[in-house]
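Working notes, structure below.
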């Protein structure tokens, strides 16, 4: 039985992954390519920041809701105090929904980039 | 608790881990096998594996323990542990996969074209890994003491020995399905007892929740600053964890890296319902555990107390097995990624170097674990997140999204973050948990922005040092892969 340790230059790893799915290497070849790439990066960053801020806003509003609305934390849902339901269960669907929305929109940005590059 | 239960559970999990490790040794034989296998892993398997490696002692024991201690304030911990993956998805997942880097030092070296950056990143990664292993060993010590009555140190030593044996022998590496199995084992080990406990309570006619508001320790509630600082640490700390990045490499492309992360979020959300439920039940029916310093053992003791009899012992055995699975999987994931970094940068890339590095990676934290005391597991892991958020997170985020980052900026930023956050952690420990002021106990709210600011300002001041390959690498990170023939084209 022989055993091989995976070491060595990163280029090995890069080329191994490149065999399956190669990035569309248009990027820095031309001025137009550079503009396309920069606008792709900008739109992905804007998307990520928007989703992150939206999620943080909801998180903060949950905390404020519990802190500021009197009696809400003590009210009960199915016999469990409301603050436990909100923080222990209610936040998770919000996280999942944000992630799902992001995945869809990020894939759309990439598809738009791909169309631009292929039309050129 | 019956000591035999603890022994049996620990031995069974250790043997299973070792056996799967040795079996895996036989199937991953060549470099080619390694890469081919890693690129055909389905998102579901990969996501389970990420969950398996991520859910550590802090999640398995610590979250319920902290909820028992401090009630609703502690609910922010599982929320932060999960939402950290949302931030990872938004800012890091796909670009990091596309970078082709296998470790964080690989990434920073390639992006900034600097060996010095690589060396500093390696030091930070090793520090993070060591800090993160210590709470795992504390968890093991606690579990051994509670379940078998043996001295605590045996638990830490046992975990280190099992991990070293499997890692040095070559197991637990790149073996996605071992870690995937660990996730489902941990979920079962936590969920089944909780369901039985709830059934037992319902059967006894006790109202499901009588008074969870009672405060068993009369600890003061955490202020707004503490909660905000904690969330900063957890949200931005996850994306710098060294053992998480390695798992992303096994996705075939950027898009599937995103899909994997979405599934991870689902798996974590489901998992954390159960420690939360345990904590709530514990607050009502076992508040005395909080007073005699056994809060972190809540999950282990609950089935025996509330179900009892043979059923209670079987359920206890299941929980103990799950707990050891948590210590072993997280520790071995960390030891493997640390050993990779240590051997590559310090000892030279030979098999002997890797083995020596693995020993170093596991034995040093064992020393720390003996010297320090376990306070609250979830709390000490929270501090590790603060440390990654102040060091690795800025260099990753700016490296991925900002062309202007320079090697000088990256190094000064990481060093500043490490000194500030590390200093706060040491001072806080010396002062003791009770007397340390809030801004020292939860430093992330000021150390993370400072590290970012230093990194940006120094980069702006050293504009001439921007790596000439920055533009090319940035394109590589963000440009989508060519669609593979089998994939449906979008729209």
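Odds and ends about this structure:
- Residue exposure sequence - B:373, B:106 - by fewest surrounding Cβ within 10 Å: B:373, B:106
- The simple spin-label model puts a point 7 Å past each Cα toward its Cβ; for residue A:49 and residue B:15 those points are separated by 5.8 nm.
- Inverse of mean 1/r across different Cα pairs in the stretch B:92-190, Kirkwood, Å: 16.4
- Translational D in µm²/s for the stretch B:337-473 (Stokes-Einstein at 25 °C, 0.890 mPa s, Kirkwood Rh from C-alpha pairs): 145
- Chain B: angle of helix B:153-169 to the longest principal axis, Cα-based, in degrees nearest 10: 40
- Reported value for the stretch A:23-117: 95 Å³ per residue, from the convex hull of its C-alpha atoms.
- Computed from label points 7 Å out along Cα-Cβ, the spacing between residue A:101 and residue B:346 is 4.6 nm.
- Relative to the longest principal axis of the Cα atoms of chain B, helix B:407-431 runs at roughly 20 degrees.
- From its DSSP helices (H runs of at least four residues, each -39,500 (n - 2.57)), chain B gives a residue-normalised ellipticity at 222 nm of -25000 deg cm²/dmol.
- Using the Cβ-Cβ distance between residue A:57 and residue A:111 with R0 set to 35 Å, the FRET efficiency works out to roughly 0.80.
- Between the stretch B:420-452 and the stretch A:91-120, the C-alpha centres lie 38 angstrom from each other.
- Using R0 = 35 Å, the C-beta based FRET efficiency linking residue B:419 and residue A:39 works out to 0.35.
- Under the simplified labelling scheme, the residue B:224-residue B:195 pair shows an inter-label distance of 4.2 nm, with each label point 7 Å from Cα along Cα→Cβ.
- Relative pair counts by distance (%), Cα atoms of chain B, 10 Å bins: 4, 20, 31, 26, 13, 4, 1, 0
- Peptide B:467-479, shielding by other chains (average Cβ, 10 Å cutoff): 5
- Potential lengthening between residue B:292 and residue B:161 on full extension [0.36 nm per residue; Cα-Cα distance subtracted]: 44.1 nm
- Reported to the nearest whole Å, the Cα centre-to-centre distance from the stretch B:286-320 to the stretch B:325-350 is 33.
- Chain lengthening between residue B:154 and residue B:4 when straightened (0.36 nm per residue, less Cα-Cα): 52.4 nm
- Per residue of A:90-96, other chain Cβ atoms within 10 Å of the residue Cβ number 6 on average.
Bear in mind that the values in this text are calculations on the coordinates, not laboratory data. Predicted model only: the values in this text are computed from it and were never measured. Glycine gets a Cβ as well: all are built from the backbone with ideal geometry, and neighbour counts include every protein chain shown.
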